[in-house]
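I have placed the structure first, in the form of structure tokens, so that the comments after it can refer back to it.
The numbers here are math on the coordinates, done by the rules we state, and not lab data. From a predicted model like this one, the values you see are computed outputs, not experimental measurements. In this analysis, Cβ positions are derived from the backbone assuming ideal geometry, glycine residues included, and neighbour counts consider all displayed protein chains.
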Amino acid sequence: MHSATGGANGDPNTKVVTLESNQPNAHFGYSVASAGDIDADGFSDVLVGARFYTNGEDSEGAAYVYRGTVNGLDKNNPVIIEGNQVNAAMGNKVSSAGDVNGDGYSDVLISAYLHDGYMQDDGAVYLHYGSNAGISSTPKKRSLASMQTTTWVLRSLAQAM
Ligand SMILES: [Ca+2]
Ligand SMILES: [Ca+2]
Ligand SMILES: [Ca+2]
């Protein structure tokens, strides 16, 4: 990773920050979006999807969460949220969800459109809550009925009907 003008973090002459996955065929940057402000520190955060990211599961996909700081984007310490299922294509779409639970921390949506749930490739959308610690890289899949979840998983039922 490098910045286009080579400046250190905080250098006002650094106008461009380049983010890279350094992984062949990860399709890093296939999707990008504002994450809102996931940790409510006043600095906006960003999402980058890499739908064919591989780390244990081939083409599982991943979403990278970068946090803004007083020095600009912290490009060296992303939280990487992995699909953890072969060919799930996590991160094919990423988006801020706004603040769905009204706790002051922006929440994010990450889709894995080829995730196998009830059916092969029926897809899943993950809602990750923000917190003062940011977004967890190890989301827990729990019942939609619980309000204590850190992650919701929404699945398409259309193909199962
Ligand atoms: Ca922030
Ligand atoms: Ca994995
Ligand atoms: Ca929230």
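Based on the mean of other beta carbon atoms within 10 Å per residue, what is the order of 32-44, 90-102, most packed first?
Averaged packing, sorted descending, gives the order 90-102, 32-44.
Roughly speaking, what is the stretch gain from Gln120 to Asn77, that is 0.36 nm per residue apart minus the C-alpha to C-alpha distance, in nm to one decimal?
Going from the current span to full extension adds 12.1 nm.
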